[in-house]
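Input: a single structure, listed below in structure tokens.
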């Protein structure tokens, strides 16, 4: 066996230590921008198959449906989409980490078949704060996203003894797939300071935002400790983030820890472009991970040309209309659409048989992404 020269060994260990330390740090601007230059213009949807009401129904073994996923991602490929934003859930890891890992791998195999690289979302502060494993309730008739679940739920979030489980989940998922080129990026927490409207606001912990302000930097650190090759992000979604002095505590954590910046807006095109310009001051890649709500001014026709001009990723909410019922507007929580549909779909792109809700939108997507015309 070769004996190592002591000074050389010390130097080698120092270099290895420095490389590991660099991997634990936020990406530099040059690294983030070099990564983005290697990507096509990223257009896609927030994805859940039409036969699932929420993250648990999508991923649990009894209801995971590769055939439906394959069919729907094929339709997305036809539209020129290159990414999907897909929500995971901490309870799935607690329930069956091995099986969950296998199903994620199966999903990635299907996605890669259609040349789609997903962004996985680890935690989410939106909608029902009391998730439960097992069979999920049916949709509330006429109501937008009536079964979507927070991750973690309120009970776990307010119990510090659960936090080691969160760490195991983050490090387990990112550790399993952090070197997988089939994944585009990790979105660590969706709308972390969202305290929701009716009927959930009264069920939320009074200190929810304060708890997540303390927890989110740890989530970034846990994810980075797995040394992923993909960038990390968490998207700003409300308020004024036009300059550092206007950031609230959550926005500051998100923008200062994200390798690539992301944001949500369902507003008019001039507001979309304003938010892009706010984020361009940080000189990092920009992903719009939620947009497109037709009845409030956010449409493909208006937004996509602006996103392409600025080379901002554009990921709309919803692909195929289904059990989430997000073709119905937010106001359906107050006024359910039971007797008649809304005059225009709020979210979603396709009917359950793959037909476009608006053929003009489908043509625009194919035109702007350079997708070949459908072969059928």
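The values are calculated or read from the model by the stated rules, or taken from the named source; none is laboratory data. In this text the structure is predicted, and so the values were computed from the model without any measurement. Cβ atoms come from the backbone with ideal geometry, glycine included; neighbour counts cover every protein chain shown.
Residues in the stretch 206-233 that are buried (at least 18 other Cβ atoms within 10 Å of the Cβ) and not in a helix (DSSP H, G or I): 226, 228, 230, 231, 232, 233.
Residue count for the stretch 327-376 under the criterion of being part of a loop (DSSP other than H, G, I, E, B), within 18 Å of residue 303 (Cβ to Cβ) and touching a strand residue (DSSP E or B) at 6+ places or on another chain (Cβ under 8 Å): the result is 6.
What residue, among those in the stretch 121-146 that are assigned to a loop (DSSP other than H, G, I, E, B) and either touching a strand residue (DSSP E or B) at 6+ places or on another chain (Cβ under 7 Å) or at pLDDT below 95 (or both), is surrounded by the most Cβ atoms within 10 Å (Cβ to Cβ)? Here the residue is 131. For the stretch 281-301, filtered to residues that are more than 24 Å from residue 47 (Cβ to Cβ) and in contact with a strand residue (DSSP E or B) (Cβ under 7 Å, 6 or more places away or on another chain), the residue that is surrounded by the most Cβ atoms within 10 Å (Cβ to Cβ) is 284. Which members of the stretch 302-326 meet the condition of being surrounded by fewer than 22 Cβ atoms within 10 Å (Cβ to Cβ) and part of a helix (DSSP H, G or I)? Passing the criteria: 302, 305, 306, 308, 309, 310. If you check residue 264 against the conditions, is it modelled with pLDDT of 95 or more and out of contact with any strand residue (DSSP E or B) (no Cβ under 6 Å at 6 or more places or on another chain)? Taking the combined requirement at face value, the residue does not satisfy it.
Taking the residues in the stretch 147-169 that are free of Cβ contacts under 8 Å to residues at least 40 places away in the same chain and more than 21 Å from residue 58 (Cβ to Cβ) as candidates, determine which candidate is surrounded by the most Cβ atoms within 10 Å (Cβ to Cβ). Only one residue tops the list, namely 162. Looking across 269, 228, one residue alone is touching a helix residue (DSSP H, G or I) at 6+ places or on another chain (Cβ under 7 Å) and without any contact (Cβ under 8 Å) to a residue 40 or more places away in the chain. It is 269.
If you filter the stretch 234-257 down to residues that are free of Cβ contacts under 8 Å to residues at least 60 places away in the same chain and under 25 Å from residue 165 (Cβ atoms), you find that the one that is surrounded by the most Cβ atoms within 10 Å (Cβ to Cβ) is 234.
When residue 288 is tested against (1) in contact with a helix residue (DSSP H, G or I) (Cβ under 7 Å, 6 or more places away or on another chain); (2) touching a residue at least 40 places away in the same chain (Cβ under 8 Å); (3) part of a strand (DSSP E or B), only condition (2) is not met. Would you check if residue 56 is part of a helix (DSSP H, G or I), over 25 Å from residue 207 (Cβ atoms) and under 16 Å from the mean Cα position of the chain (by Cα)? Yes; evaluated as a whole, the condition is true for this residue. When residue 35 is tested against (1) closer than 19 Å to residue 102 by Cβ; (2) assigned to a helix (DSSP H, G or I), exactly one condition is not met: (1). The residues of the stretch 170-186 that are in contact with a helix residue (DSSP H, G or I) (Cβ under 8 Å, 6 or more places away or on another chain), over 20 Å from residue 235 (Cβ atoms) and either free of Cβ contacts under 8 Å to residues at least 40 places away in the same chain or part of a helix (DSSP H, G or I) (or both), listed by number, are 171, 172, 176, 177.
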